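Only one structure is covered here, and it is reproduced in the block below.
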């Protein structure tokens, strides 16, 4: 189906110029000598890694992080000049795949290090992930100190760790993790070091080290919650109006009859629902924007449809085929997330596949 | 990547025999003369319409409902004998597509009816959706009464409405909606009628009419919340263990350092996160199953990873490459949904694309 009058789908616009600008803004904040990578795991946080990563490469990014080998294999042909790191590293027996495909494994455990050494014989690059407080993936500090020298002889191109509380600038975990990481780095002169995610960049230049790893901020999530948003918005999600109906009392809207109509009203039904990643937790509390003003979501979010009260909206805008902003200038991704009781990251990574996706810019 | 030891992905198993059995169970409950369709919109509630719908056709299902024309176009070549209804109907200008492709539009508004009449000239089948209380899509009763006779002359093959409160057997909306719908049916002798979704089937034979439209129940969601689950489970989601670590006090797990370790513990990190549709709202309150016993999710759900406390689990099971049930016999989809603060429908439709999908049975 082509886009146009006969297309009933809602439209998801992704601004690659904004993504590139966000990357440059972050890279420009770094202390001298530090560089910015890009985290493009989870399909570039739901925005389409195959479309987003090449735009970042054109902006100057060389180091890219994905979560799984499959994500790496998808991007490898699109990023011929890049260093492509796979955060979960090789499963036992998959080391050869990394060598053959030129993927850089992030080694997270003593077993992964040993298996990698056996296969790579020190001839292929790897990264070492030391856990400094997440207790999720990564070697213990003792294991890292013990094993890193064996990797360093060959091919250790990056030592990394991951911050647990970087969104809270005054959290004691931040300096504690930096201190632990430095213990390892002291034993690895000449190896590049990376600690900061998006929010970590804003903790100050001590955290920049050699390489930072922004993800969410590239895609318009505020890396400094509670302070002004430094990033450009990337996502515009326009919900297509399928029907506008006049409703009078007594009547209710949607499943469970949770929304009672209190006056003569107009209800717009929009082609998006929780199957498209619009959270069901926005039932009765979501908010769309139409012609620059908010319109309340009424009733429950259903699988394929949501309903807005457009009684007070301009009837020339609240019409079949028109659009209500589900994510846009008036309701950016962080605001939608806050209403839904989650974070912008989850809103982005859930964005559904029935939307008509448009890439602009770059 | 092939499945096996070197495959780090979590595994989503979908039991098509169970789906077919659920369809037969529901069809067998109906009053004499009533038939069961299948709702396969939203990619068969996230389970893969192209794999699921043909299994339902082999079980005897003839009538299928999708939400959008694109969903219909995907299934049309796979269901050559089926009647394929598109619930949102044609957008203005898309009527010709429905005719050409043999999709049956569900007409939801007076404008859709008029446009359909102009294009189809009464020579192609259509369904008419009358709103009886959802106030979402559908004609008003007055519009339906006025326009249905013009369609009926030609090709009206189904009159339908949709229940708002069918999960609550004693809700007054149920008989009220049935009564309104019968007002229309009285004027449409000989036209097949459909009102009941999964839960509506259990409201009794008055609601069966000619055709019922189960969706969620086919996929293992309990259509009778609060009463015994009559449906077979369909989904088994096994989270792959990427790493098992020993952690001692003082330590915390995950983002925000929300989980404090209180004793010598073992933490298993699993390859699934909110980017895979595992809800972030399960942070600190999810539950996996390992060897038949529950293991608590600890810390926050992150984008690609979740962490379980496996201190008390069998160490032969809590090992790298092993699996923790994220959805399974001990924690079926409704139970996971209840913990997450949502409904099974949302859990299913969110199931991510990084899982290794296995179809069994049929």
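Values quoted throughout were computed directly from the atomic coordinates according to the rules given, and no laboratory measurement underlies them. From a predicted model like this one, the values you see are computed outputs, not experimental measurements. As a convention, Cβ positions derive from the backbone with ideal geometry for all residues, glycine included, and neighbour counts pool all protein chains shown.
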* To do: Consider just the alpha-carbon atoms of chain B and return their Rg together with their Dmax, both in angstrom.
  => 23.4, 77
* 10 Å binning of all Cα-Cα separations within the protein assembly as shown, expressed as whole percents from 0 upward -> 3, 14, 24, 24, 17, 11, 5, 1, 0
* Asked: In nm, to one decimal, how far is the residue B:319 label point from the residue A:224 one, both placed 7 Å along Cα→Cβ?
  -> 5.0
* Asked: In whole Å, how far is the Cα centre of region A:47-119 from that of region B:26-86?
  -> 40
* Please give the FRET efficiency for residue A:293 paired with residue B:81, using the beta carbon to beta carbon distance and R0 = 51 Å, rounded to the nearest 0.05. => 0.55
* Considering every residue in B:40-46, what mean count of other chain Cβ atoms within 10 Å of its Cβ is obtained? -> 3
* To do: Measure nothing but the geometry: give the 0 to 90° angle between the long axis through the Cα atoms of B:173-185 and the longest principal axis through the Cα atoms of chain B, rounded to 10°.
  => 30
* Inter-centroid distance (Cα atoms) of region B:239-266 relative to region B:181-199, Å -> 57
* **On Cα atoms only, tilt of A:49-59 relative to the major axis of chain A in degrees** => 60
* **Where only alpha carbons of region B:16-219 are counted, the Rg and the Dmax (Å)** => 15.9, 44
* Structure fact -> Copies of residue A:250 compared via label points 7 Å along Cα→Cβ give distances in nm, shortest first, of 6.0
* To do: From other protein chains only, count the Cβ atoms within 10 Å of every residue's Cβ in A:68-74, then give the mean.
  => 3
* Once you put a point 7 Å from the Cα of residue A:168 and another 7 Å from the Cα of residue A:335, both along the Cβ direction, what distance in nm separates them? -> 2.7
* Asked: On full extension of the chain, what length is gained from residue B:246 through residue B:73, given 0.36 nm per residue of separation minus the C-alpha to C-alpha distance?
  -> 57.1 nm
* To do: Determine the principal axes of the Cα atoms in region B:235-331, then give the extent along each, sorted from largest to smallest and rounded to whole angstroms.
  => 38, 28, 19
* Please give the average number of partner chain Cβ atoms lying within 10 Å of the Cβ of each residue in A:242-249, rounded to a whole number. => 4
* Distances from residue A:291 to the same position in the other copies: list them in nm, one decimal, shortest first, using label points 7 Å from Cα along Cα→Cβ. => 6.5
* **Globularity ratio of region A:13-63, using Cα Rg and 2.2 N^0.38 Å** => 1.11
* If you take the beta carbon distance between residue B:142 and residue A:153 as r and set R0 to 60 Å, what does 1/(1 + (r/R0)^6) give as a FRET efficiency, to the nearest 0.05? -> 0.15
* **residue A:285-residue A:114 FRET efficiency (beta carbon distance; Förster radius 51 Å; 0.05 resolution)** => 0.50
* Report Rg(Cα)/(2.2 N^0.38 Å) for region B:210-261, keeping two decimals. => 2.07
* Quick one: helix B:16-29 against the long Cα principal axis of chain B, what's the angle to the nearest 10°, folded into 0 to 90? -> 50
* Asked: Separation between the residue B:258 and residue B:205 pseudo-spin-labels, each 7 Å from Cα along Cα→Cβ, expressed in nm?
  -> 5.1
* Sort shortest first the distances from residue A:227 to its counterpart in every other copy, using label points 7 Å along the Cα-to-beta-carbon line, and give them in nm. => 5.8
